[in-house]
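Colleague: Below is one structure. I have some questions about it.
What follows draws every value from the coordinates through simple rules; no lab data is involved. This one's a predicted model, so the numbers in the text were calculated from it and none came from an experiment. Here the Cβ is made from the backbone with ideal geometry for all residues, glycine too, and neighbour counts use every protein chain on show.
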Amino acid sequence: MTARALAAVAGFLGVALGAFGAHALRDRMTPEQDAWWQTAVLYHLVHAAALLGSGRPDGRAGASSVCFAAGIAVFSGTLYALALGGPRGLGAVTPLGGVAFLAGWLLLLRGRAAAT
């Protein structure tokens, strides 16, 4: 899959989940759950945009793209689940998604530095 296609899917899902939280869930969540949802959407959309710049020169998804996608799935995914009433133990997994985001940014830096 190309980084651009991955970014398009991630961006679509981020906007859809943001709208779902704002309209369908707003009255059903506690303030804490709403904050988790908002944080999940923010990081989801920021890293969907980051996916646009993370592809390899041939357009394919690179290592940074994989890290960004994994970060969205793990970091945002666990926060979405927590907001929907998932087990609190998921909160222990959330930082692994943050580490994937950080790795993606470092790999992107390394790839860009090597290209110049």
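Colleague: Specify the residue that is farthest from SER76 (Cα to Cα); the eligible residues are those in the range 94-111 that are among the small types (Gly, Ala, Ser) and crowded, with 19+ Cβ neighbours inside 10 Å. Show your work before the answer.
Modeller: So the first thing to find is which residues in the range 94-111 are among the small types (Gly, Ala, Ser), and the list is 97-98, 100, 103-104, 111.
Pick out the ones that are also crowded, with 19+ Cβ neighbours inside 10 Å and you get 97, 100, 104.
On the way: GLY97: 8, ALA100: 12, GLY104: 15 Å.
Step by step, filter the range 94-111, then rank; the result is GLY104.
Colleague: Could you list, in sequence order, all residues of the range 44-64 that are within 11 Å of the chain's Cα centre (by Cα) and buried (at least 20 other Cβ atoms within 10 Å of the Cβ)?
Modeller: Within the range 44-64, HIS44, HIS47, ALA48, ALA50, LEU51 qualify.
Colleague: Within the set of pairs 6+ apart or on separate chains, which have a first residue in the range 54-79 that is more than 13 Å from ALA7 (Cβ to Cβ), a second that is assigned to a loop (DSSP other than H, G, I, E, B), and C-beta atoms under 8 Å apart?
Modeller: Once the first residue is more than 13 Å from ALA7 (Cβ to Cβ) and sits in the range 54-79, its partners that are assigned to a loop (DSSP other than H, G, I, E, B) give ARG56/GLY62; VAL74/VAL93; THR78/GLY86; THR78/VAL93.
Colleague: Let me ask something additional. Take the range 18-38 and flag every residue that is out of contact with any helix residue (DSSP H, G or I) (no Cβ under 6 Å at 6 or more places or on another chain), of a type outside the set (Gly, Ala, Ser) and in a helix (DSSP H, G or I).
Modeller: PHE20, HIS23, LEU25, ARG26, ASP27, ARG28, PRO31, GLU32, ASP34, GLN38
Colleague: When the residues of the range 65-78 are filtered to those that are more than 10 Å from the chain's Cα centre (by Cα) and not small (Gly, Ala, Ser), which remaining residue is surrounded by the fewest Cβ atoms within 10 Å (Cβ to Cβ)?
Modeller: Restricting to residues being more than 10 Å from the chain's Cα centre (by Cα) and not small (Gly, Ala, Ser), the top hit is VAL66.
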